Every structure is written in C-alpha cells, then in structure tokens.
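Have a look at the structure below before the remarks.
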Amino acid sequence: MPTVLYSEKSYPDDSVERRIYGPDVRVIFPPAPTTGLADLSDEDCAVAEGLMILRYKVTAKDLERFPRLRAICRMGVGYDNLDRVAANGRQIMILNVPDYGTTEVADHAMSLALALRRGLLMHLEAQRADPPAAWRYIDDPLLKRSSVQTFGIVGMGRIATAVALRAKAFGFRVVFFDPNLPNGVELGLGIQRAPTLEALLEQTDTLSIHVPLTPETRGLIDDRALSLLPKGAVLVNTARGPIVDIDAVAKHLKSGHLSGVGLDVVPVEPPVEPVPELIRAYRAREPWTIGRLIITPHSAFYTPQAWDDIRSKSAETMRAALLGPKPQNVIPPESY
C-alpha cells in the first residue's frame with residue numbers, strides 16, 4: 001500500500017482525501033502546522049511514496065529524506081519551486097494541477113486590465129480625495145476604448161486561452177506570442193499570432209503575461225522589452241513575479257511610458273525588506289502610482305470553488321500516479 005505525505009494541512013479535515021484515495025492508499029497529514037519540509041518527521045518522510053506540495057520548495061537536499069519517493073504533486077499550476085532536475089535524477093515524477101483555477105486567473109487578469117483601462121482606480125482616488133475632485137470624467141491616456149487596442153498575450157496555455165476569449169469578447173484585437181505551439185492555434189481561437197516577442201510588444205497596448213517561470217522566461221519582460229511597448233501601454237502579470245523586471249516597471253511607470261500596471265505576482269513573495277521601489281511607492285501612495293498601479297497578493301487563483309478543486313484534483317492526480325491505470329499531468333523532463 002503506497003503512502004502519500006502532505007507537507008501541510010490546508011483543510012479542516014481529510015474527508016475529501018480519504019474518499020478519493022480510498023483504502024488502497026495510506027495518507028499522512030502533519031499533526032501540527034508546518035513552515036517547511038524540515039517540520040516533517042523522518043519517519044513519515046522515509047515511507048512516503050507520494051509527496052504533496054502547496055507552498056514549500058523542494059530541493060535536492062530535501063529529496064535525500066525521501067528514499068521511497070515516486071511522485072511529487074505540486075498542488076497548483078506552477079512547479080518552479082521544485083528541483084525538477086534532482087527529481088528526474090531519482091526518476092521521481094513531477095505532477096501538477098493545471099486546471100484548477102483557469103477561469104479565476106483569467107477573470108483576474110481581465111479585471112486588472114479593465115479596471116486600469118476604464119480608469120476605475122483614478123476615479124476612486126479622485127472622488128475620495130479631500131476635497132473631492134470635480135464631478136466629471138478624467139482625461140488621461142490610461143483610458144482607452146477596447147476596440148482600438150491590441151491586447152497582447154505572452155504564452156498561450158489554458159489560462160491565456162481563457163484570457164484571449166474574454167479580451168476578444170470585450171472587443172480587443174487579440175494577438176499572442178508563443179513559440180512552443182504549432183501553427184493554427186490562432187485560427188481555432190479567431191485571434192492573431194506574432195512571429196516574435198518583439199513583434200508582439202511593438203503593437204501591444206495592453207499586455208498580459210501567461211508563461212511559466214523557466215530559465216528562458218526569467219526576466220523575459222525587462223527594460224528593453226518594456227521600451228518596445230507603445231507609450232501609454234498597460235502591463236498585467238498574473239503568472240510569476242520573476243518573469244518581469246519590477247525595477248524596470250517602476251522606471252517606465254514613473255516616466256509615463258507605461259500608463260498602468262496590474263500585478264498579482266512579484267519577484268519575492270511575500271515582499272521582504274528592502275522592498276522594490278515599485279512596492280515601496282505603492283504602499284507610500286506616491287503620486288505616480290495612484291490610480292495607475294494595482295498589486296494583489298498572488299490571489300488571482302482564489303475562489304472557494306477553486307480552493308476545493310486544488311484539494312480534489314491534486315489527490316486524483318497523485319492516486320493515478322501511484323495506482324494507475326495511467327499517470328496524469330506529468331511534467332516531462334525535457335521541459336525542465
């Protein structure tokens with residue numbers, strides 16, 4: 001009977017897990033709150049064949065405590081917190097849950113884009129000022145009709161596809177760049193495709209990031225990339241913080257080259273001192289951020305329904321990996 005070890009207990013009971021795993025899998029939850037894998041007992045690590053990871057990192061050193069480990073399931077979409085190379089060296093499968101929060105993240109990305117492009121935060125701040133601003137519209141480059149904009153998307157996976165359909169419904173012209181997809185994806189979605197990242201950026205008014213964090217995408221949207229966007233562009237990132245150079249974002253927002261920025265992710269989460277200039281200025285309500293910058297705490301994925309999906313779908317994924325008939329959601333080693 002295989003044993004599955006949860007690195008943290010995020011739910012009030014284990015009823016869902018017991019139902020999904022059934023009598024064929026032994027499930028171990030930590031008896032007390034944990035802050036990392038170091039809090040797990042040596043005895044539990046020694047027998048675990050499956051390891052469930054939500055928040056924590058797994059390093060090559062951590063793997064030494066798991067002699068029987070066959071699979072690690074990242075209870076989410078991204079798996080950049082796992083040492084995939086070390087796991088592959090031990091022939092440990094890396095699994096993820098790619099479909100639990102697709103609609104939530106897509107809605108969040110569009111909400112950030114629309115809130116900025118409709119000037120909702122600018123009006124909010126203006127009408128709550130003391131004294132309040134005049135009872136009239138705000139004339140600013142940030143406000144722009146959807147149908148005259150190009151909505152650019154970097155990456156075209158599940159979430160990005162959902163974003164593309166939403167942006168298209170709002171009247172944007174939608175263009176994407178993803179060198180890993182075969183020709184014809186754009187035809188099925190009724191959108192357009194850019195041959196290079198540079199070609200995408202040069203025509204994009206509102207940019208949304210939807211790629212995983214890999215060595216190739218780390219720092220992908222840097223100072224040069226941002227400078228290729230037309231003046232007055234909006235940037236939205238609901239993917240991973242290190243994909244975007246946050247200091248370059250501060251530079252371009254302060255100069256006015258970017259007219260708005262919406263971030264659900266930042267390079268270090270939660271932010272620690274010394275925090276980047278962009279976050280510091282946002283918290284200090286510096287004038288160049290007011291109404292132009294939205295930062296949410298990596299919460300795009302969350303609804304109660306999505307939280308429940310993480311629980312059930314990750315258990316189903318691990319059960320299939322350990323008991324069959326066929327593993328699901330396996331990240332292939334060549335993607336490392």
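We did not get these values from a lab; they are worked out from the coordinates using the rules stated. Note that the structure is predicted; figures quoted are calculated from it, not measured. Note that each Cβ is placed from the backbone with ideal geometry, even for glycine, and that neighbours are counted across all protein chains shown.
Rounding to the nearest 10 and keeping the result within 0 to 90°, find how far the Cα-based axis of helix 304-323 lies from the longest principal axis of the chain.
With rounding to tens, the tilt is 40 degrees.
Given just the C-alpha atoms of the stretch 102-295, how large is their convex hull per residue in cubic angstrom? Please report the intermediate quantities before stating the final value.
Values: hull volume 22.8 nm³, N = 194.
In the stretch 102-295, the Cα convex hull volume per residue is 118 Å³.
Mind ranking 299-306, 156-163 by how tightly packed they are, going by the mean number of other C-beta atoms within 10 angstrom, highest first?
Sorting 299-306, 156-163 by mean packing, highest first, produces 156-163, 299-306.
What is the magnitude of the charge dipole of the chain about its Cα centre, with +1 placed on the Cβ of each Lys and Arg, -1 on the Cβ of each Asp and Glu, and no other charges, expressed in debye to the nearest 20?
With Lys and Arg at +1 and Asp and Glu at -1, about 680 debye.
Can you grab the distance from the C-alpha centre of the stretch 78-104 to the C-alpha centre of the stretch 18-56, Å, no decimals?
17
Would you calculate a helix-derived [θ] at 222 nm for the chain, using -39,500 (n - 2.57) for each DSSP H run of n ≥ 4 and dividing by the full residue count, to the nearest 500?
-9500 deg cm²/dmol
Could you point to the residue in Val211, Tyr21, Ile290 farthest towards the positive end of the chain's charge dipole, with +1 and -1 charges on the Cβ of Lys/Arg and Asp/Glu respectively?
Going by the Cα projections, it comes out as Ile290.
Restricting the calculation to Cα positions, tell me the Rg (one decimal) and the Dmax (whole number) of the stretch 53-125 in Å.
Calculated on Cα positions, Rg and Dmax stand at 18.6, 58 Å.
Reported to two decimal places, what Rg/Rh ratio describes the stretch 1-51 when computed on Cα atoms with Rh from the Kirkwood expression?
0.95
Ranking Ser10, Ser259, Ser111 by Cβ neighbours within 10 Å, fewest first, what do you get?
Values: Ser10 14, Ser259 22, Ser111 18.
Listing Ser10, Ser259, Ser111 from fewest to most nearby Cβ atoms yields Ser10, Ser111, Ser259.
Which residue, Pro182, Ile243, Val163, has the largest displacement toward the positive end of the dipole of the stretch 102-295 when charges sit on each Cβ (Lys, Arg +1; Asp, Glu -1)?
Farthest towards the positive end: Val163.
Near the amide H of Phe176, under 5 Å away, which other amide H atoms are found, from residues 5 or more places off or on another chain, if H is placed in the peptide plane?
Ile153, Gln192, Arg193, Ala194
Using Cβ contacts closer than 10 Å as the measure, can you line up Thr206, Thr196 from fewest to most?
So the ranking, lowest neighbour count to highest, is Thr196, Thr206.
Can you compute the charge dipole magnitude of the stretch 102-295 about its Cα centre, using +1 on each Lys and Arg Cβ and -1 on each Asp and Glu Cβ, nothing else charged? Give it in debye, rounded to the nearest 20. Walk me through the numbers before you get to the answer.
On the way: 21 positive and 21 negative charges, 112 e Å.
Around 540 debye, computed over the stretch 102-295.
How many angstrom lie between the Cα centre of the stretch 251-272 and the Cα centre of the stretch 277-316?
Cα centroid of the stretch 251-272 versus Cα centroid of the stretch 277-316: 12 Å apart.
In debye to the nearest 20, how big a dipole does the stretch 265-331 give about its Cα centre with +1 on each Lys and Arg Cβ and -1 on each Asp and Glu Cβ?
120
Starting at the first residue of the stretch 158-173, write each ³J(HN,Hα) from the Karplus equation 6.51 cos²θ - 1.76 cosθ + 1.60 with θ = phi - 60°, in whole Hz, x for Gly and Pro.
4, 5, 4, 4, 4, 5, 4, 5, 5, 5, 4, 5, 7, x, 5, 7
Output the 0 to 90 degree angle, nearest 10, between the alpha-carbon long axis of helix 246-255 and the longest principal axis computed from the alpha carbons of the chain.
10
Enumerate the calculated ³J(HN,Hα) couplings along the stretch 214-230 in order (Karplus 6.51 cos²θ - 1.76 cosθ + 1.60, θ = phi - 60°), each rounded to whole Hz, writing x wherever the residue is Gly or Pro.
9, x, 6, 9, 4, x, 4, 9, 9, 4, 5, 4, 5, 5, 6, 5, x
Would you mind checking which residues have amide H under 5 Å from Leu258's amide H? H placed 1.01 Å from N; only 5 or more apart, or other chain.
Hits under the 5 Å cutoff: Gly232, Leu253.
For the chain, take the convex hull of the Cα atoms, compute a quarter of its surface area, and give me that in nm², please.
19.1
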